[in-house]
Structure formats: C-alpha cells, structure tokens
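Notes follow once the structure below has been shown.
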Amino acid sequence: WSNGSLLTPEDFRYCLEDVWLNDELTQGGLPPTLLVEGKPPRFEIVDPLTVRYSWDAPNPDFLPKLAAASPLSLVLPATYLKQFHKKYQDPFRLAGLMEENRAKKWTLLHIRMSRQYRPENPELPTLDPWQNRTKPPAEQFVFERNPFFHRIDENGRQLPYVDRVVMNVSSSAIISAKTGAGESDLQCMGIDFADYSFLKDAEKRYPVKMHLWKRTQGSRLALLPNLNCADPVWRGLLRDVRVRRALSLAVDRREINLAVFYGLAQESADTVLPESPLYRPEFAKAWVAHDPDKANALLDEVGLKARDDDGLRILPDGRPAQVIVETAGESTLETDALELITDHWRQVGIALFVRTSQRDIFRSRALGGEIMMSIWSGIDNGVPTADMNPSQLAPTMDDQLQWPLWGAHYLSHGTVGEAPDLPPVVELMALLKRWNVSTEAAERAEIWNSMLSIYTDQVFSIGTVNGTHQPVLASARLRNLPDKALYGYDPTAYFGVYMPDTFWLGES
C-alpha cells in the first residue's frame, strides 16, 4: 500500500466479509457481478499470496469486471480501515471519530473514509500510481506519486514516472478556453470536436500538440425516450415501437453529420462500431434512413392522425404533441443537433422543446419520471467483444435514461423501481441472464448478436452518428501518449488503457 504496509489476504477478506457482506454498510447487497444465481462467492485464503473466489455455476463477468473502467472492488486496506468499523473499534473511540469527521452514523464514516472511486480521504492508502493529497472541498487537487507502487518498466525502473498530477476544478464553460490558453498539460474532458479549430490554433501560440482520437460510443449523440416517464400518455406512446421508429426515421442524420461534424462522422443507429468483431451493417442501418413519409405513416397508424391549426399532431388527451428533450447543456454539439432535429420532427407534426438541466440532477429527475426524453451519448462500449458483458443493452443501471426504473429494479435486486413489462425488454433481460451463465465463446457471441438486433430494431435509443473524433490536447513535452487511439469511458477508461503511469515529461 502507499503507506508502506503490506498487501495481504486479510485486505481481500475484510473487503468481502466485513464490507460487502455487512448489511449495514452495503444495504443494496452485493454487486451483481459477485452473485451467481443469487449466491455470493465462497472465499478462501490459499496461501499468503493467493486468494480464491468460487461459485457453483459460471460467472463469465467476474474477470472482465476486474479490468473495467470502474473496476469491481475486491480489496481494501484493512489495517487502516478497521479503526472506522464497529466490529473492530472501541465504541467510545468510534464515537469520537464520528464527531471529529461530522458523521452521524459509523457506516457513513466508514463509507467516506474508504471511498476509492471518488478519493475524498487523503489518508486512505492506495495501490494506484498516485494518491490524492487534498481534502475536499477544493478547487485544486494534488495527487502525489505512490512511493510503493508495484509496477516497474522493462528496465526495472519503478513507475510512475511523473511525480505529481494536479487537477484543477473549473466550470465546464471555460475549460476549452483555459486549455486553448496553454494552461493544461493533458486535456480531454470539457473539450469537444466543436472546439477543434480553436484548439488546433493553440499549437501556433503554445508548446502544445493536438491529437484526434476516435470515440468509442455507439452514438456520439443519442435521443433517449424515457419508457418510465410519469406522463401516462407519453409513456404509452414512447413504449410503442412505431413511435420510436417514426421519430428515428424523421431525423436527417446526413444534415447533422455535415452541419455539426463536417461530414467526418458515420450516420448510424446506436450500436457497435466496425472495430468490434460483433459489428453488423444491418445494426448500424436499422431505422436510420431519412424517410419523413414513412415516419408520418407510422404516426398515423398509431392513432395520431388529427392535427391542430399549427400542424402539430393531437395526443389522445387533446394536448398538442410536444416533446421536451433535456440536456446537461455541457456541449454545443447537443444544442446544434437539437436545433436541426427540431426542424426534422416539425415536418412530421411533433414539436421539440429543449430544457437545459444539470448532470448531477439528471438521475434523480429521470428516476422520478420527470424526464420525457433526454440527449446523451449512446452505449458506452461501442467496441466490445463477446467476452464483455452486454448489460448496456438491457436495463441494469438506474442511470440509463431510457429505462431508469427498470434499471433500478435490477440493481437493487427488486427492492426499488419496477420490473420490466415490455416484452422486448423482458427478452433482453432473459438473454442477459443466459450470457451470465454461458461458458462458450460462440454462445456469448450469439447472445450479443441477438441483443444488438433487438436493441437496434426496437430503437430503444435514437442514435445519430458515431465514429466521431475527440480532441486531446497535450503538452509538447509529454511522452508516451499515442497519436491515434480509441477514446471513451468503456472499455478504455479514457487514458487508462494507455497506462498514464508510463507518461513522462521530456524537453520541449
């Protein structure tokens, strides 16, 4: 660990038995990846360097999740964290620690002091290359080199090469300007393809270099109809596949590609990219051809024939057909595309209105059914193999904006949310369940193909374009950063797969 203490099997046992299996600390239960047929793993300490997790049935998701962008946590620094656990700490001392850290419950104290994904505790030992040394709230976080990091390079030199990583917290509105002013040594977040010309020009003024990496999302911008929205009329309509197909056919993706992406993207449904062995052209072409006549016919078929004086279709309850699309307002690409889609949908009698929200309240509003439709990126992992979990194609998370209540139901093992009742979604869940117990590569590929076929044919996400480029601006001194690469959260973890611990700063 970064504090010099040894990594031992006890750190793994503590994480599983005293944290994951503690009903007070983990009220939602074990992560789905650790459960097979509802049962947790058997845990054994084989020797001082080996631990074993085993189940009675296959768990094909276990190993990939250990290498995921946000990996499954199996280990915690037990020696350090036991001071915050009621099983190991004196009650009087624990009460003092709770008061010192303003925690009302010992569980809140332990969660706060042990959180690894968002490292709030500068004292928490880590196995990562750098350790956060700044206690929030702050506008600048300093990560310092872990002197006990376990990796070495081919010459036997300990990694990471870089001693300090400084992260500045800025408003998303000014990140592009600050990056273009040479204030960042490495930047990808907060900048987008719309900033390309401005950032490319920065190469003339500052010692920086622009890279263009291919984004891995199934769609750079996707419209996500909320099948769990609270409005009963719109919920019924959005659950009708004819409506979703009509809205997709009404979108002129060629115009979006030319106007927003300079014609450099691929017009496509929200699906896997050609770089994936699971790619099929029919998935990419599903319901994406611009065909307003067919869109109009489908909407008529649904029963939305009547129109008002403005040409808008009349809903069954007498209201005009007005779709409110929520956006986080973080990208001009979204607003530019929505402006075009507003015109496209107007041609088929649907009015589109944009409501700017904030990323941090998206989830709660979607879960509450307040969001009718949102614009976001498509599936995160557009370059999967059959060995990667296809859960992104089914409701498995509560932040999937097209079916958050169904995702919450899966995530909570049925304690919150609602069980899916739409037959194609039920079929997706059944296929996912099959994948979760599959041991054959061919069967996993067949399951992936079936799920992709359903997902694209049912238009659960209205994709626009994919294969778009992401600007990555780096200091001219930065070494070992690839010039061409894939960019995305899953499966590449943005910079993660390119091993930032091997980046270093040379002469300008």
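We did not get these values from a lab; they are worked out from the coordinates using the rules stated. Not measured: the values here are computed from a predicted model. All Cβ positions, even for glycine, are placed from backbone atoms using ideal geometry, and neighbour counts span all protein chains on display.
Considering only beta bridges that DSSP places wholly inside the chain, some 80 percent are antiparallel. Applied to the stretch 278-289, the Karplus parametrisation 6.51 cos²θ - 1.76 cosθ + 1.60 on θ = phi - 60° returns per-residue 3J(HN,Hα) values of 8, 5, 9, x, 5, 5, 5, 8, 5, 6, 10, 5 Hz, with x for Gly and Pro. Computed on the stretch 320-411, with alpha-carbon pairs under 8 angstrom and 6+ residues apart, the relative contact order is 29 percent.
Report the rotationally averaged projected area of the stretch 222-464 based on its alpha-carbon convex hull, in square nanometres. Mind dumping the intermediate values first?
On the way: hull surface 51.2 nm².
The directionally averaged projection comes out at 12.8 nm².
Within the stretch 222-464, antiparallel bridges make up roughly 50 percent of the DSSP beta bridges whose residues both belong there. Charges on Cβ only, +1 for Lys and Arg, -1 for Asp and Glu, centred on the Cα centroid of the stretch 9-121; of 40, 22, 108, which one is farthest towards the dipole's positive end? Among 40, 22, 108, the one farthest towards the positive end of the dipole of the stretch 9-121 is 108.
Residues within the reach of a label modelled at residue 166 (point 7 angstrom out along Cα to beta-carbon, backbone nitrogen below 19 Å), restricted to the stretch 124-145, are 130-145. Between residue 24 and residue 82, the modelled label-to-label distance comes to 1.7 nm, taking each label 7 Å out from Cα in the direction of the beta carbon. Each peptide in 239-251, 441-453 gets a packing score, the mean of other Cβ atoms within 10 Å over its residues, and the list from highest to lowest is 239-251, 441-453. The chymotrypsin sites (Phe, Trp or Tyr not before Pro) of the stretch 218-319 that DSSP puts in a loop, and whose beta carbon has at most 13 other beta carbons within 10 Å, are 262. Using every pair of separate Cα atoms, the Kirkwood estimate puts the hydrodynamic radius of the stretch 175-259 at 16.4 angstrom.
Across the chain, the mean sequence separation of Cα contacts (distance under 8 Å, 6 or more residues apart), normalised by length, yields a relative contact order of 20 percent. Listed values for the stretch 346-361 are Karplus-derived 3J(HN,Hα) couplings in whole Hz (6.51 cos²θ - 1.76 cosθ + 1.60, θ = phi - 60°), namely 4, 5, 10, x, 10, 8, 10, 10, 9, 10, 7, 10, 10, 3, 6, 10, and x replaces Gly and Pro. Given R0 = 51 Å, the distance between the Cβ atoms of residue 72 and residue 294 translates into a calculated FRET efficiency of 0.70. Other residues whose C-beta falls under 13 angstrom from the C-beta of residue 324 contribute a net charge of 0, scoring Lys and Arg +1 and Asp and Glu -1. Rg/Rh, computed from the Cα trace of the stretch 9-121 with Rh as the Kirkwood radius, has the value 0.99.
The calculated FRET efficiency for the pair residue 37 and residue 115, based on their C-beta separation and a Förster distance of 30 Å, comes to about 0.50. Which residues in the stretch 8-41 have a backbone N closer than 20 Å to a point placed 7 Å from the Cα of residue 54 along the Cα-to-Cβ line? Label zone hits: 9-10, 12-14, 16-17, 34-41. Adding -39500 (n - 2.57) for every DSSP H run of four residues or longer, then dividing by how many residues the chain holds, sets the calculated 222 nm ellipticity at -9000 deg cm²/dmol.
As a ratio to 2.2 N^0.38 Å, the alpha-carbon radius of gyration computed for the chain takes the value 1.05. Across the stretch 163-180, computed HN-Hα scalar couplings (Karplus, 6.51 cos²θ - 1.76 cosθ + 1.60, θ = phi - 60°) run 7, 9, 10, 10, 10, 9, 8, 9, 5, 4, 5, 10, 4, 4, 5, 5, 5, x Hz from first to last residue, x flagging Gly and Pro. Remark on residue 222: its backbone amide H falls under 5 Å from those of 376, 377, 378, a criterion applied only to residues 5 or more positions apart or on other chains, H modelled at 1.01 Å from N.
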